[in-house]
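Down below is the structure, laid out as structure tokens.
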Ligand SMILES: C[S@@+](CC[C@H](N)C(=O)[O-])C[C@H]1O[C@@H](n2cnc3c(N)ncnc32)[C@H](O)[C@@H]1O
């Protein structure tokens, strides 16, 4: 595996810090919306996870996705996350379920797991934070049984009735320029990386009715707000998030939030 660049090491340091600061608000957000649980189940359903599967949940955060996989799929789940605070929070939530949580880098799974043979490696709302998705998927392929599933869900797109991106329009209305990149890795790069490692990739989109209050709550999570206003301290970021989405209130009735997902299967070489 090629050595990670300085950029990649720096990015992971920032992500770890942002999520270390996010655990409390993340928990409140999930309590209000049940969103990450629902997103995990959508991804698992669509990707064809089977009951009782052994799953590696990469970028598992505070274990919401692990608990969803355990409760709905009776899965035995191994979760990995960069943020030690999210993992510690997750350990409080898993109870007696068959869930095992580890602090670690999803681009370097070899250092964590000798015992492979997973049925699925899943990245719920996480891969867009990985600077080297191809390295991550190469590691996933090493963890999977032949025929096993690699699946990820992506960062939200906020769309008007005609499918136009409302976020740049909201920035324009508040007199600001959107950041050049809202994700570390683009959708196109994530999909092509999956394809490079696994071959054929399938994609789909889950569409949800948009709401200003959901978007404000989602992007008020410190780590998510950093994707919109990376240069500001958290308190100002949170104020800007509220301002940014409030200007979309008149467009709310036709608004959609689109959640993209992709999956592939490891070739069965037998
Ligand atoms: C938006 S959260 C999603 C958490 C969880 N999957 C869920 O559905 O609630 C994204 C998580 O990915 C983690 N993450 C980002 N890059 C990572 C990496 N290279 N290795 C492991 N975890 C990573 C972050 O620390 C964060 O907890």
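Laboratory data are not the source of any read-out in this text; all were calculated from the coordinates shown. Values in this document were obtained by computation on a predicted structure and should not be read as measured data. Using ideal geometry, Cβ is built from the backbone for each residue, glycine included, and neighbour counts are taken over all protein chains shown.
Things worth noting here:
- Of note, residue 152 satisfies the criterion of being surrounded by 24 or more Cβ atoms within 10 Å (Cβ to Cβ) and outside any helix (DSSP H, G or I).
- From the list 162, 190, 258, 209, the one residue that fits, being without any contact (Cβ under 8 Å) to a residue 60 or more places away in the chain and touching a strand residue (DSSP E or B) at 6+ places or on another chain (Cβ under 9 Å), is 209.
- Flag if residue 105 is under 16 Å from the mean Cα position of the chain (by Cα) and within 13 Å of the ligand (Cβ to nearest atom): yes
- When the criteria are applied in full, residue 98 fails the requirement of being within 17 Å of residue 12 (Cα to Cα), more than 8 Å from the ligand (Cβ to nearest atom), touching a strand residue (DSSP E or B) at 6+ places or on another chain (Cβ under 6 Å) and touching a residue at least 24 places away in the same chain (Cβ under 8 Å).
For (1) over 21 Å from residue 19 (Cα atoms); (2) within 15 Å of the ligand (Cβ to nearest atom); (3) surrounded by fewer than 18 Cβ atoms within 10 Å (Cβ to Cβ), each residue gets a yes or a no:
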{"position": "221", "(1), (2), (3)": "no, yes, no"}
{"position": "225", "(1), (2), (3)": "no, yes, no"}
{"position": "233", "(1), (2), (3)": "no, no, yes"}
{"position": "237", "(1), (2), (3)": "no, no, no"}
{"position": "252", "(1), (2), (3)": "yes, no, yes"}
{"position": "268", "(1), (2), (3)": "yes, no, yes"}
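- Residue in region 124-140 that is within 8 Å of the ligand (Cβ to nearest atom) and closer than 12 Å to residue 78 by Cβ present: no
- From the list 116, 132, the one residue that fits, being farther than 21 Å from residue 224 by Cβ, touching a residue at least 12 places away in the same chain (Cβ under 8 Å) and more than 19 Å from the chain's Cα centre (by Cα), is 116.
- Take the conditions (1) in contact with a strand residue (DSSP E or B) (Cβ under 7 Å, 6 or more places away or on another chain); (2) not in a helix (DSSP H, G or I); residue 181 misses just one of them, which is (1).
- Pick from region 71-87, criterion within 12 Å of the ligand (Cβ to nearest atom) and surrounded by fewer than 22 Cβ atoms within 10 Å (Cβ to Cβ), ranking: nearest to residue 130 (Cα to Cα): 84
- Residue check for residue 24: outside any helix (DSSP H, G or I), out of contact with any strand residue (DSSP E or B) (no Cβ under 9 Å at 6 or more places or on another chain) and more than 10 Å from the ligand (Cβ to nearest atom): no
- So residue 48, is it in contact with a strand residue (DSSP E or B) (Cβ under 8 Å, 6 or more places away or on another chain), over 18 Å from residue 221 (Cα atoms) and touching a residue at least 12 places away in the same chain (Cβ under 8 Å): yes
- Comparison of 18, 53, 62 shows that the only residue that is under 29 Å from residue 231 (Cα atoms), in contact (Cβ under 8 Å) with a residue 40 or more places away in the chain, surrounded by 14 or more Cβ atoms within 10 Å (Cβ to Cβ) and in contact with a helix residue (DSSP H, G or I) (Cβ under 9 Å, 6 or more places away or on another chain) is 18.
- Odd one out for residue 52 among (1) at negative phi; (2) more than 12 Å from the ligand (Cβ to nearest atom): (1)
- Qualifying residue in region 165-172 (condition: assigned to a helix (DSSP H, G or I), under 26 Å from residue 227 (Cα atoms), touching a strand residue (DSSP E or B) at 6+ places or on another chain (Cβ under 7 Å) and away from the ligand (no atom under 14 Å from the Cβ)): yes
- Screening residue 19 against (1) assigned to a strand (DSSP E or B); (2) within 17 Å of the chain's Cα centre (by Cα) leaves a single unmet condition, (1).
- Residue check: residue 114 meets all listed conditions (1) crowded, with 24+ Cβ neighbours inside 10 Å; (2) farther than 26 Å from residue 6 by Cα; (3) out of contact with any helix residue (DSSP H, G or I) (no Cβ under 6 Å at 6 or more places or on another chain) but one, namely (1).
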